[in-house]
Amino acid sequence: MEKIKVFISRQLPITAEDLLSQADFEVVVWQEEYPMPKSTLIEQCQSASALLCTGIDEIDAGFLEACPHLEIISTFAVGFDNIDINAATKIGISVGHTPGVLTEATAEIAFGLMLSVARHFLDTNRQIGKGEWKYFIPTKNLGIDLKGKTLGIFGLGAIGFEMARRSKAVYDMNIIYCNRNINHDAEKQLGAKRVSMDELLSQSDVLSVHASLNADTKGIFNKGAFSKMKKTAIFINTARGGLHVEEDLIGALESNEIWGAGLDVTNPEPMHPDNKLLSMPRVLVLPHIGSSTYFTRSEMARLAAENIIHFFRNGKP
Ligand code: DGY
């Protein structure tokens, strides 16, 4: 019997390829380090029944119309804003993603950004490199104490919950959140309080973004939003760069409307090396490393492969 062909658009932890091969699929992997051009991805998918892609592949209506024979698209990511779900559903292509396995790793990056910005990790490291560490200056490099402060979570799903849990445990932070639905676990376990967007903006000492990117959330952190935040607030985004408007964030930092920012996501990605945010004080930008641990990436590979295996065995990812 002919094997079912799976095309993988990026070299992933070996788990994915091994699991699919052991389950008797034919596996073809894009071997280059640079991302696949869309036309090549379409070409490669012509003879495949399943695509294992990543968050950087643009799976839009054009791609889906060119590959309507695909039975499943499994993405190596929890976010699927790069996939036109409506178009896939209309054509009848199933979509799988990798929730759960990257929750801890991503929350850790949000927590790390919060602490790093609050205590000037990057600014002070740069000072040493520039020979500016000359004597003890009691009034220099003063940071923000997080203990007892208010953490605002925008989008209280699994990752937002983990960020809140850590912040409560370590700094006894007061948790407020803005979310479509009530999160009963967060309210019960962490004493979290659901508030309006305006309350979230005006009351948060640290505002951490964990929502998915969609038509409702795109650019929601803009000039108007930043102007409602505390002058001492820290803005953290580990979700998607499209949720904040970059030039408005730069403006808010420059005009001291907010105190600092920590970003693991930018718009576009990769961020240009000349970007102003990279040299601003109290700003730390990371290159989208939320899920980047050995264990987490390997779990994501396992889940992305298993979504395909389950789909062909049981009819759904
Ligand atoms: C995800 O899985 O969505 C993370 O952003 C990593 O891409």
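Observations on the structure shown:
- Ranking of Phe136, Phe226, Phe312 by count of other Cβ atoms within 10 Å, fewest first: Phe136, Phe312, Phe226
- Alpha-carbon centroid distance for the pair segment 251-292 / segment 181-250, whole angstrom: 16 Å
- Cα point-scatterer Debye curve for segment 177-317, base-10 log of I(q)/I(0) at q = 0.15, 0.16, 0.19, 0.22 Å⁻¹: -0.86, -0.94, -1.14, -1.32
- Per-residue ellipticity at 222 nm, computed for the chain from helices alone with -39500 (n - 2.57) per DSSP H run of at least four residues, works out to -10500 deg cm²/dmol.
- The slack in the chain from Asn141 to Asn314, taken as 0.36 nm per residue of separation less the alpha-carbon distance, amounts to 56.5 nm.
- Computed 3J(HN,Hα) for segment 174-190, one whole-Hz value per residue from the Karplus formula 6.51 cos²θ - 1.76 cosθ + 1.60 where θ = phi - 60°, is 7, 9, 10, 8, 10, 8, 4, 10, 5, 9, 5, 4, 5, 5, 6, 7, 10, glycine and proline marked x.
- Loop trypsin sites (Lys or Arg not before Pro), segment 151-251, which have at most 10 other Cβ atoms in a 10 Å radius of their Cβ (DSSP): Arg180, Lys231
- Just so you know, the Cα atoms of segment 103-285 work out to an Rg and Dmax of 16.0, 52 Å.
- Fewest-first ordering of Ser167, Ser279, Ser202, Ser9 by other beta carbons within 10 Å of each residue's beta carbon gives Ser279, Ser202, Ser9, Ser167.
- Derived value for segment 1-80: Kirkwood hydrodynamic radius 12.8 Å. Basis is the mean of 1/r over every pair of different alpha-carbon atoms.
- Set of segment 274-317 residues, backbone N closer than 13 Å to the point 7 Å along the Cα-Cβ line of Glu71: 308-317
- Among Tyr34, Tyr171, Tyr135: highest mean-square fluctuation, GNM of the chain, C-alpha pairs under 10 Å: Tyr135
- Three principal axis extents of the chain based on alpha-carbon atoms, in descending order, are 74, 47, 33 Å.
- Using a cutoff of 8 angstrom between alpha carbon atoms and counting only pairs six or more residues apart, the relative contact order for segment 103-285 works out to 22 percent.
- When Leu151, Leu115 are sorted by how many other C-beta atoms sit within 10 angstrom of their C-beta, beginning with the fewest, the order is Leu115, Leu151.
- Ellipsoid semi-axes in whole angstrom, largest first, where each is sqrt(5λ) of the Cα gyration tensor of segment 36-95: 15, 14, 11
- In this structure, the amide hydrogen of Ala261, modeled 1.01 Å from its nitrogen in the peptide plane, lies closer than 5 angstrom to those of Phe235, Val283, Leu284, counting only residues at least 5 positions away or on a different chain.
- Using the Karplus relation 6.51 cos²θ - 1.76 cosθ + 1.60 with θ = phi - 60°, the per-residue 3J(HN,Hα) values for segment 83-98 come to 10, 7, 5, 4, 5, 4, 5, 4, 6, x, 9, 6, 10, x, 9, 10 Hz, with x marking Gly and Pro.
- Using Cβ point charges alone (K and R +1, D and E -1), the dipole size of the chain about the Cα centre works out to roughly 1280 debye.
- Choice from Met300, Met36, Met163 with maximal GNM fluctuation in the chain (Cα, 10 Å cutoff): Met36
- Förster radius 25 Å - calculated FRET efficiency between Arg119 and Gln189, Cβ distance, rounded to 0.05: 0.40
- Nonlocal amide H pairs with Ser74, under 5 Å, H built at 1.01 Å: Leu51, Leu52, Cys53, Gly96
- Taking every full run of DSSP H in the chain, the ones that stretch at least 15 Å from end to end by Cα along their long axis and average -0.5 or higher on the Kyte-Doolittle scale are 103-118, 158-171, 294-314.
- In segment 30-130, the alpha-carbon atoms span a convex hull of 146 Å³ per residue.
Since every read-out is calculated from the coordinates, none of them should be taken as a lab result. This one's a predicted model, so the numbers in the text were calculated from it and none came from an experiment. Cβ atoms come from the backbone with ideal geometry, glycine included; neighbour counts cover every protein chain shown.
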